[in-house]
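Participant: This is the structure, below, for whatever I ask next.
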Amino acid sequence: MNIKKTVSLSVLFVSVLLQVDLCYGQSNVVYYGANSNAISLAFADTNLSESAKSAITADLRVCLSEWGKGELRMRIKGDSVGYIDNPTHCPHYPEDIEFPENVVPSGAAGLALHIPKKLSDAYTNAFAFAAANSNIVAAAYEFVAFAASSNFMNIASNTLPDYVILKNVTTNQVVSIAGEILTDLHDQTYYPPSILGFYYDQWGPETTNLWMNIPCSILSHGNMLSWFTFHAIWHDGKWRFCMKAEWVP
């Protein structure tokens with residue numbers, strides 16, 4: 001078995017954003033690359049509120065803090081004068097949303113990472129979701145934080161069904177193979193999700209299911225970090241690790 005982590009926001013999400021802003025001390029600036037290079041943001045939607053810009057900035061920092069080690073490369077392509085050379089898919093984001101990469105001229109700041117309106121619209125919708133589902137979003141961040149902690153390594157086998165759901169596998173069966181499941185779950189490192197990582201899908205035990213993308217990394221051969229997305233599902237009032245592929249015909 002191989003298991004491979006102006007709108008009002010939820011209280012926990014706001015606290016995460018504030019912590020990130022306090023750490024960096026600047027607004028509308030993100031940090032990329034192995035040396036945490038700073039670059040400002042250029043929002044295509046000029047009608048965005050300052051609070052929305054700050055919230056988007058903070059979420060981008062969450063995504064870039066471990067994953068975004070790409071370098072700035074210069075080029076001329078349309079309005080773009082360069083791009084951040086990260087992998088084509090961000091493990092924090094759903095598959096249909098692209099992480100911003102294009103760099104544009106930006107006045108006195110020199111260069112800025114361009115944020116398309118399509119992306120800022122997706123964030124606006126995600127913030128509205130967080131506001132309407134604050135308890136579920138708070139539980140999601142707590143779930144991932146626990147999974148990333150050393151305490152998760154020591155959970156008892158009989159509590160594993162609180163953290164894992166498998167298709168056509170009973171609670172007793174999960175407990176019976178807990179050692180194997182936990183070994184697989186401990187193989188990777190889990191990171192905080194993006195607020196864009198929540199989405200509804202038909203796949204799962206219910207007619208409609210709320211899923212979360214959990215970004216994960218694993219140290220591969222040659223001490224290289226390989227990134228991927230693990231999934232969790234909101235089921236019976238709890239977030240649980242789940243192999244989404246099991247539910248897709």
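The values are calculated or read from the model by the stated rules, or taken from the named source; none is laboratory data. Computed from a predicted model, the values in this text were never measured in an experiment. Note: ideal-geometry Cβ built from the backbone for every residue, glycine included; neighbour counts use all protein chains shown.
Participant: Please go through region 49-87 and pick out each residue that is within 19 Å of residue 217 (Cβ to Cβ), in a strand (DSSP E or B) and of a type in the set (A, V, I, L, M, F, W, C).
Facilitator: 84 - this is the single residue of region 49-87 that is within 19 Å of residue 217 (Cβ to Cβ), in a strand (DSSP E or B) and of a type in the set (A, V, I, L, M, F, W, C).
Participant: Tell me, which residue of region 29-77 that is touching a strand residue (DSSP E or B) at 6+ places or on another chain (Cβ under 9 Å) and polar (S, T, N, Q) is farthest from residue 99 (Cα to Cα)?
Facilitator: Among those that are touching a strand residue (DSSP E or B) at 6+ places or on another chain (Cβ under 9 Å) and polar (S, T, N, Q), it is 37.
Participant: Give me the pairs: first residue in region 158-175 and farther than 15 Å from residue 246 by Cα, second residue surrounded by 13 or more Cβ atoms within 10 Å (Cβ to Cβ) and of a type in the set (Lys, Arg), beta-carbon distance under 7 Å, and six or more apart or on different chains, which are they?
Facilitator: 162/238; 163/240
Results for (1) modelled with pLDDT under 95; (2) among the β-branched types (Val, Ile, Thr); (3) within 30 Å of residue 120 (Cβ to Cβ), shown as yes or no for each residue.
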site: 181; (1), (2), (3): yes, yes, no
site: 186; (1), (2), (3): yes, no, no
site: 192; (1), (2), (3): no, no, yes
site: 195; (1), (2), (3): no, yes, yes
site: 212; (1), (2), (3): no, no, yes
site: 222; (1), (2), (3): yes, no, no
site: 225; (1), (2), (3): yes, no, yes
site: 237; (1), (2), (3): no, no, no
site: 240; (1), (2), (3): no, no, no
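Participant: Hey, another quick one. So which residues in region 112-143 are β-branched (Val, Ile, Thr) and in a helix (DSSP H, G or I), if there are any at all?
Facilitator: Result: 124, 136, 137.
Participant: Additional query: Looking at the structure I just gave you, is residue 183 of a type in the set (Ser, Thr, Tyr), in contact with a helix residue (DSSP H, G or I) (Cβ under 7 Å, 6 or more places away or on another chain) and surrounded by fewer than 21 Cβ atoms within 10 Å (Cβ to Cβ)?
Facilitator: Numbers: of a type in the set (Ser, Thr, Tyr): yes; in contact with a helix residue (DSSP H, G or I) (Cβ under 7 Å, 6 or more places away or on another chain): no; surrounded by fewer than 21 Cβ atoms within 10 Å (Cβ to Cβ): yes.
So residue 183 does not fit the description; no.
Participant: Consider only pairs whose beta carbons are under 9 Å apart and that are at least six residues apart or on different chains; among these, list those whose first residue lies in region 118-134 and is within 15 Å of residue 54 (Cα to Cα) and whose second residue is among the acidic types (Asp, Glu).
Facilitator: Hits for this filter: 119/98; 120/45; 121/45; 123/59; 124/45; 126/59.
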